Amino acid sequence: MTRILVTGAFGQIGTELTQALRSRYGAENVVASGRHLPGDDTVAGPVEKVDVTDSEAIVDTIRNYDVRVIYHLAAILSARGEQDPQSTWKINMGGLKNVLEAAREVGGCRVFWPSSIAVFGPETPADQTPQDTVMRPTTIYGITKVAGELLGDYYFHRYGVDVRGVRYPGVISSGSPPGGGTTDYAVDIFYEALRHGRYTAFVREDCVLPMVYMPDCIDAAIKLMEADLSSLNHHNGFNLAAMSFSAGQLAAEIKKHLPGFVCHYEPDERQAIADSWPRSIDDSVARREWGWQPQYDLARMTADMLDTLRERQQAGR
Ligand code: SER
């Protein structure tokens, strides 16, 4: 059985992706790694402490477990990136370069690396943003994602490393909270709505961004990694989206389930980042090349988020 390594395995996407990979391929075949390990023992399967800026640690882990597939998720997100651009470059670019080098050195490794809608900038068409278009981002996070896409293409063409990836929109999840992103409000709002019946969003009521719900986010990663290489014309940086809505539309959808819910809007510096990103995405290339087909829209995602978080609250978790 092919062994898989996940970096950033205890982050927002990593937590749920690791679980999904373990149920699909067997817990013993999926190595969860992170810079800090979780304090509990709820993780069933191999766990390794790996800092992605440490190239030797990555190579050692790949060799020790005979890894052939890597999901490289460790990264600093957009809003936190603006607070410390130097570390963001070091972790996002340095980490990716180390993972690609390790894959090249060991040989025969397939790599998944998520890019983001943050590759786009104010000059990009904001509605139904095409796959191939202007990419001049204004955040350090976005710059590392554009450079990372180019580096992935370079390793594919120059060294034959099979690097694949999608440009995730905002990811909404119930399993593990996001941290340091501009789209975090679309997750925080659910926790606060259930806990306190109110939420103050850090973006405008009419701020529209593309989003995806975690089950679709995971399905995309696994489906792309299992796709036949010969069907792919693009390799990394596939546009991807499932829904687009404003903060106000999200609040109104939550209100259908929790009639007393009140949302206020106090935009901060993250609004400028949101304003530089697309409102909606044309993901027809992903649909055509590897069968991307999201299942969740705003209504279905909202109902599922509220049900899942309520169940967790009742179980005291
Ligand atoms: N969700 C990410 C962020 O807000 C975008 O990739 O930074």
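One line per residue, one yes/no per condition, for (1) of a type in the set (Lys, Arg); (2) crowded, with 18+ Cβ neighbours inside 10 Å; (3) assigned to a loop (DSSP other than H, G, I, E, B); (4) out of contact with any helix residue (DSSP H, G or I) (no Cβ under 6 Å at 6 or more places or on another chain):
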{"position": "Leu37", "(1), (2), (3), (4)": "no, no, yes, yes"}
{"position": "Ala57", "(1), (2), (3), (4)": "no, no, no, yes"}
{"position": "Asn64", "(1), (2), (3), (4)": "no, no, no, yes"}
{"position": "Val69", "(1), (2), (3), (4)": "no, yes, no, yes"}
{"position": "Ile76", "(1), (2), (3), (4)": "no, yes, yes, no"}
{"position": "Val111", "(1), (2), (3), (4)": "no, yes, no, no"}
{"position": "Met135", "(1), (2), (3), (4)": "no, yes, yes, no"}
{"position": "Thr144", "(1), (2), (3), (4)": "no, yes, no, no"}
Look at Val111 and say whether it is touching a strand residue (DSSP E or B) at 6+ places or on another chain (Cβ under 7 Å) and in contact (Cβ under 8 Å) with a residue 40 or more places away in the chain.
yes
Lys256, sole failed condition from (1) away from the ligand (no atom under 16 Å from the Cβ); (2) closer than 21 Å to Tyr141 by Cα; (3) basic (Lys, Arg)
(2)
Could you tell me which numbered condition Ser87 fails, if it satisfies all but one of (1) small (Gly, Ala, Ser); (2) assigned to a helix (DSSP H, G or I); (3) touching a residue at least 12 places away in the same chain (Cβ under 8 Å)?
(3)
Taking the range 235-269 and keeping residues in a strand (DSSP E or B) and either in contact with a helix residue (DSSP H, G or I) (Cβ under 6 Å, 6 or more places away or on another chain) or open to solvent by less than 30 Å² (accessible area, probe 1.4 Å) (or both) leaves Phe238, Asn239, Met243, Phe245, Ser246, Cys263
Does the range 119-138 contain at least one residue that is acidic (Asp, Glu), in contact (Cβ under 8 Å) with a residue 60 or more places away in the chain and within 16 Å of the ligand (Cβ to nearest atom)?
no
Would you pick out the residues in the range 270-293 that are away from the ligand (no atom under 16 Å from the Cβ) and assigned to a loop (DSSP other than H, G, I, E, B)?
Asp282, Gly291, Trp292, Gln293
All but one of (1) small (Gly, Ala, Ser); (2) more than 22 Å from Gly180 (Cα to Cα); (3) within 14 Å of the ligand (Cβ to nearest atom) hold for Ala299; state the number of the condition that does not hold.
(3)
Could you go through the range 222-234 and let me know if any residue there is within 16 Å of the ligand (Cβ to nearest atom) and in contact (Cβ under 8 Å) with a residue 12 or more places away in the chain.
no
Name the residues in the range 159-190 that are touching a residue at least 12 places away in the same chain (Cβ under 8 Å), open to solvent by 10 Å² or more (accessible area, probe 1.4 Å), over 26 Å from Asp307 (Cβ atoms) and away from the ligand (no atom under 12 Å from the Cβ), would you?
Tyr159, Asp162
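The values are calculated or read from the model by the stated rules, or taken from the named source; none is laboratory data. Keep in mind that this is a model prediction, so the values were computed, not measured. Ideal geometry is used to build each Cβ from the backbone, glycine not excepted, and the neighbour counts take in all protein chains shown. Side chains included, ligands, DNA and RNA excluded: accessible areas come from the protein's heavy atoms. Shrake-Rupley method; radii C 1.70, N 1.55, O 1.52, S 1.80 Å.
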